[in-house]
1. Output the residues belonging to region A:310-337 that are closer than 16 Å to A:V272 by Cβ and over 19 Å from the mean Cα position of the chain (by Cα).
2. With B:A250, B:A285 as the choices, which residue is modelled with pLDDT under 95 and closer than 24 Å to A:G76 by Cα?
3. Just one of A:S84, A:S99 is assigned to a helix (DSSP H, G or I), in contact with a Phe, Trp or Tyr (Cβ under 7 Å, 6 or more places away or on another chain), among the small types (G, A, S) and touching a residue at least 40 places away in the same chain (Cβ under 8 Å); which is it?
4. Could you tell me whether A:I271 is touching a strand residue (DSSP E or B) at 6+ places or on another chain (Cβ under 6 Å), over 24 Å from A:H126 (Cβ atoms), free of Cβ contacts under 8 Å to residues at least 12 places away in the same chain and not charged (D, E, K, R)?
5. Just one of B:R167, B:R191 is in contact with a Leu (Cβ under 8 Å, 6 or more places away or on another chain), basic (K, R) and in contact (Cβ under 8 Å) with a residue 12 or more places away in the chain; which is it?
6. For B:I281, work out the one condition from (1) among the aliphatic types (A, V, I, L, M); (2) within 21 Å of A:A18 (Cβ to Cβ); (3) surrounded by fewer than 19 Cβ atoms within 10 Å (Cβ to Cβ); (4) more than 18 Å from the chain's Cα centre (by Cα) it doesn't fulfil.
7. Inspect all residues belonging to region A:3-21 and state whether any of them is of a type in the set (A, V, I, L, M, F, W, C), within 7 Å of chain B (Cβ to nearest Cβ) and closer than 30 Å to A:V140 by Cβ.
8. Check A:L312 against each of (1) touching a Lys or Arg at 6+ places or on another chain (Cβ under 9 Å); (2) assigned to a helix (DSSP H, G or I) and name the one condition it does not meet.
There are 2 protein chains.
Amino acid sequence: MSTPAAPSPQLFFETINAFQKCAALKAAIELDLFTAIGQTRSTAAEIAERCSCPVRGIRILSDYLTILGFLTKENGLYAPTPDSAFFLNRDSPAYVGASTDFFLSSEIVDGFKHLTATVRTGTVQHSELGTIAPDHPVWVEFARAMGPMMIPAARGTAALVPLDPSRDTKVLDISASHGAYGIAFGEANPRAQIVALDWSAVLEVAKANAEKAGLSDRFSTIIGDAFKVDLGTDYDVVLVPNFLHHFNPADCVRFLRRVQEVLRPGGKAAIVEFVPNDDRITPPAAAGFSLVMLGSTPEGDAYTFAEYQQMLTEAGFSDAQQYPLPSSAETAVIATR
Amino acid sequence: MSTPAAPSPQLFFETINAFQKCAALKAAIELDLFTAIGQTRSTAAEIAERCSCPVRGIRILSDYLTILGFLTKENGLYAPTPDSAFFLNRDSPAYVGASTDFFLSSEIVDGFKHLTATVRTGTVQHSELGTIAPDHPVWVEFARAMGPMMIPAARGTAALVPLDPSRDTKVLDISASHGAYGIAFGEANPRAQIVALDWSAVLEVAKANAEKAGLSDRFSTIIGDAFKVDLGTDYDVVLVPNFLHHFNPADCVRFLRRVQEVLRPGGKAAIVEFVPNDDRITPPAAAGFSLVMLGSTPEGDAYTFAEYQQMLTEAGFSDAQQYPLPSSAETAVIATR
């Protein structure tokens, strides 16, 4: 006979104190602790010296990062895990530490301070529109911080929608942000013109990235509200990355109709989104994104593929398909005009 | 040949966003969502009606709580896990939701806002003494919120140190807080007088709990700083629960000498503490407590058993032993004068 396990408050304690995990990782990034360890196996005293800090805090922080799984510790020597060496060492080209500025920006964090009231009233409390307000400054931080991380998913999306190499083509990148999606299409298709749409300050980041990619002569911009501004016409592809989740389904359909109208016949809408399964609890990273929309937008959500299919059909698209994207919790949903 | 796994930034994303987990659980407790579900299997709409909330936020929150492991979801019906039903339903006698007020009190959370500067300078930034300042209000919240949760560990400690039933005995409870430790000794030993020491406002909570336990006639108090105030004399046991971790080792020894001086010959010091193994990374809950001391005290720490043995020996104790405690991540360390 097996006895049932005694009830445990462990998950409650761990979750209610989860802000400490976040604070510890933020401190490690701000102190550049992973860069200080580099590829060495170091004592707390050695790391403290390299970070110019007293040893007590560095030792406690390094132990905690070991408990969380960012470091290993053997015989008192700390070393980075392979993931930490790849993503959290400033000397690595894949460094993601800068994204902390976006994830922990006051605009995002403040939304979660009032989550109870948001659930009670059904909408965000800290401002009328949350992060979908015009020219919201958080999107400049997002563009700067998240661009490098989006490159594999952007290239994956470009590979899914090859353009006709025998003629000039046109790609519209909605809420272009860092511009990575449009740039990936420009790189994969030498005859494609890229048109990036976003708020003015954000487009400066996209333009700088396009220039770095050597695409300046095929890169232009449209400044303004994607729901209202003239989008141009005759596009082969309209990219809609990380945009629709901010809105309710009716507004998504309204927007997709605009997309449909500016595409050539046979042109494609390429949506990139967190797409949970129908159960809305798997996969965790995509399903959990819904809470970010609850905390930061009036009516946004993480929609299922069935919901996107429905929206696309209502907007006049056919043949919607979904595809996983590399190095990403997101999914490409591609449909044809 | 096996290929090594591709590097993943998943742990980084999960950890940097961990504040969202904490916010979601706090919202669920404030909305009394677990009580609203009770022992039923309910749709989001049913829960929303019971909580008097619009359905969108309740649905997103319930999905997120399912992802975190607090609820189950099958065919659109949410149900509590056994642990959630036991600890998070207000109708359960084991309800721990009230402790949220302590864990997320601004005094605790603020310490983590400045963790980088704390590591850089070696000490807390938001105040000179952190939570060890005299009459710090956080300890009243702690006493109110944490008392019920401490009862199993308190009874476990009392069981480890049975007192002579044939004579009157005396127990001193240092930093008594909710009083649970002293009260457990009073309940287990009908001839024991309990003396609880803490700040004045905190002792009101302990006194109320002693009265509820029917111990008022054997319960007295000492108000003040445990390092300075007259402790009395001739104790059979001095309880030191959750106190020493706030101080550096030299101050711990200094304090344990005071304890030694007020014990009868053969009397016991019973320390209750988060005691990590020598590696300082296991077990996670005890080892991770060190970060709380980094964030909230000038020089506190989670000490290993070897360190407590050393402190106790220096203070004149012998025969230190450690014992696990029921329903707790803490350890009892018991030594003899």
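The values are calculated or read from the model by the stated rules, or taken from the named source; none is laboratory data. As the structure is a computational prediction, the values presented were derived from the model and not from experiment. Note: ideal-geometry Cβ built from the backbone for every residue, glycine included; neighbour counts use all protein chains shown.
1. Selection gives A:M311, A:L312, A:F317, A:A320, A:Q321, A:A335.
2. On the way: B:A250 fails: modelled with pLDDT under 95.
Going through B:A250, B:A285 in turn, the sole match is B:A285.
3. Testing whether each residue is assigned to a helix (DSSP H, G or I), in contact with a Phe, Trp or Tyr (Cβ under 7 Å, 6 or more places away or on another chain), among the small types (G, A, S) and touching a residue at least 40 places away in the same chain (Cβ under 8 Å) leaves just A:S84.
4. Details: touching a strand residue (DSSP E or B) at 6+ places or on another chain (Cβ under 6 Å): yes; over 24 Å from A:H126 (Cβ atoms): yes; free of Cβ contacts under 8 Å to residues at least 12 places away in the same chain: no; not charged (D, E, K, R): yes.
When the stated conditions are applied, A:I271 does not pass them.
5. Only one candidate qualifies: B:R191.
6. (3)
7. Yes: one or more hits.
8. Unmet for A:L312, out of (1) touching a Lys or Arg at 6+ places or on another chain (Cβ under 9 Å); (2) assigned to a helix (DSSP H, G or I): (1).
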